[in-house]
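Working notes for the structure below.
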Amino acid sequence: MLDEKLDLVSICVPNHLHAKVAIDALKRGAHVLVEKPLAVSSAEAEMVVKTAETEKLKICEAKQWRYVPPVRRALKMFSEGRLGKLVSMTAQGHSEVPLTWSHADWYYDPAKSGGGIVSDLGVHMLDLLLLFGGPAARVTASGGDYLGTMGFDTSVQALLEFSGGGSGFLDVSWIAPPSKVLEIVGTAGNIQVDMHYYSFKHTSYARNPLKDFRESINTIGRTGRRIATKDFFNPLPRLYSELIDDFADAIMNDKPSPVPGDIGLRVLRLKEAIYQSISAKNPVTLA
């Protein structure tokens, strides 16, 4: 395949092959769209990023949760300063244990998958925390194989201290009831996003019952429409479509990638710091 002249290669192989396939594609002149994580380690990810820079090609990591409509709306409001200075954030991702949706052998081998819940759903939640909060300076984490039956982390919580001020809390689990929630608290207001129901609550100092009621009605209507179009049960096709459109535009018009390789590298370094903190039972400072 790589002997052909390709503009773009989409990489959907097991995690431990991401870096090798990405580097091969880049060296043959193709831009790369790669499933998360960018690689199983930050060292491998750094090689991918350096290869893209050398070949003057673009990388996009498939971080589709950035494209959830209320997340994009929240980011716009935050970027405009409507929430004031960041105080704290919470990114909560709880989903079913992998055995209910994946039987791939490599998925249960941390050497090939990169780890457990932090390497899977946690990578998405960390990406959202860094999207709003910027680089993390220090992390303190706890958790692991909660039930002692899987051989890798199934429930992890981590406190991030952002370099620019404020803190972020990561809460990811395969053993807690399903939930995907993002909360941003600033000095001038806060936003709560339910990434499953696409609900959005914005509060400035005082709760407004009328606004809460209107949002509840909007959520019911929005959910009804998403059920009718089947988007509620599988939102990924639409989220991926928007990300791919943005990446195609970046390639054709020489714009920055929507999720460049250095973002994936930063997330992997943070993931490794979380595992280090759990192992050492101490905070870990990031360079």
(request) Please list, in chain and number order, the residues 5+ apart from Thr154 or on another chain whose amide H is under 5 Å from its amide H, with Hs placed from the backbone. (result) Ile117, Gly144, Asp145, Tyr146
(request) Kindly rank 114-127, 8-21 from highest to lowest mean number of other beta carbons found within 10 Å of each residue. (result) 114-127, 8-21
(message) Under 8 Å for C-alpha pairs, at least 6 residues apart: give me the relative contact order for the range 77-136, rounded to a whole percent.
(response) 40 percent
(request) For n ≥ 4 DSSP H runs only, could you compute -39500 (n - 2.57) per run for the chain, divide by its residues and tell me the 222 nm figure to the nearest 500? (result) -12000 deg cm²/dmol
(message) Using Cα springs under 10 Å in a Gaussian network model of the chain, which residue among Pro70, Pro256, Pro37 shows the largest mean-square fluctuation?
(response) Pro256
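Count charges around Met150 for me, please; just the other residues with Cβ under 13 Å from its Cβ, Lys/Arg as +1, Asp/Glu as -1.
Working: positive: none; negative: Asp109, Asp120, Asp145, Asp153.
Taking every Cβ under 13 Å from that of Met150, the sum is -4.
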(request) Over all directions, average the projected area of the Cα convex hull of the chain and note it in nm². (result) 16.1 nm²
(message) If the elastic network links every pair of Cα atoms under 10 Å, which of Ser113, Ser216, Ser277 fluctuates the most in the Gaussian network model of the chain?
(response) Ser216
(request) Find how many whole Å separate the alpha carbon centroid of the range 197-274 from the alpha carbon centroid of the range 126-161. (result) 21 Å
(request) Write down the percent of antiparallel bridges among all DSSP beta bridges whose residues are both part of the chain, to the nearest 5. (result) 70 percent
(request) Quick one: angle between helix 236-252 and the longest Cα principal axis of the chain, in degrees between 0 and 90, rounded to 10, please. (result) 60 degrees
(message) Mean-square fluctuation check for the chain, GNM, Cα pairs under 10 Å: which of Ala43, Ala25, Ala52 is largest?
(response) Ala43
(message) Using only Cα atoms and rounding to the nearest 10 degrees, what angle (0 to 90) does helix 18-27 make with the longest principal axis of the chain?
(response) 60 degrees
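What number, in percent, do you get for the relative contact order of the chain if the mean sequence gap of Cα pairs under 8 Å and at least 6 apart is divided by its residue count?
For the chain, the relative contact order is 23 percent.
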(message) Only sites in a loop by DSSP and with at most 13 other Cβ atoms within 10 Å count here; which trypsin sites (Lys or Arg not before Pro) in the range 27-118 make the cut?
(response) Lys56, Lys85
(request) Note the full-extension length gain between Leu17 and Arg73 as 0.36 nm times their separation in residues minus their Cα-Cα distance, in nm to one decimal. (result) 16.7 nm
(request) Hey, for a label at Thr285 modelled as a point 7 Å past Cα toward Cβ, could you say which residues of the range 130-165 have their backbone N under 12 Å away? (result) 137-139
(request) At 7 Å along the Cα-to-beta-carbon direction for both Asn234 and Asp145, put a label point, then send me their distance in nm to one decimal. (result) 3.3 nm
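Among all stretches of the chain without exposed GluC sites (Glu not before Pro) (DSSP loop, at most 16 other Cβ atoms within 10 Å), which one is longest? Walk me through the intermediate numbers first.
Numbers: sites that count: Glu4, Glu80, Glu96.
Longest run free of exposed loop sites: 97-287.
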(message) Within 10 Å of each candidate Cβ there may be at most 14 other Cβ atoms; applying that plus a DSSP loop requirement, which chymotrypsin sites (Phe, Trp or Tyr not before Pro) in the range 41-148 survive?
(response) Trp101
(request) Taking 7 Å along the Cα-to-C-beta vector as the label spot, tell me the Asp254-Phe213 distance in nanometres, rounded to one decimal. (result) 5.6 nm
(message) If I fit a long axis through the Cα atoms of helix 42-55 and take the longest principal axis of the Cα atoms of the chain, what angle between them do I get, 0 to 90°, rounded to 10?
(response) 70 degrees
(message) Could you check the spin-label model distance between His103 and Thr187? Points 7 Å from the Cα along Cα→Cβ, value in nm.
(response) 5.6 nm
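Quick note: the coordinates plus some simple rules give every number you see, no bench work behind them. Note that the structure is a prediction, hence the values are computed from the model and not measured. Cβ sites come from the backbone with ideal geometry, for glycine too, and all protein chains shown count toward neighbours.
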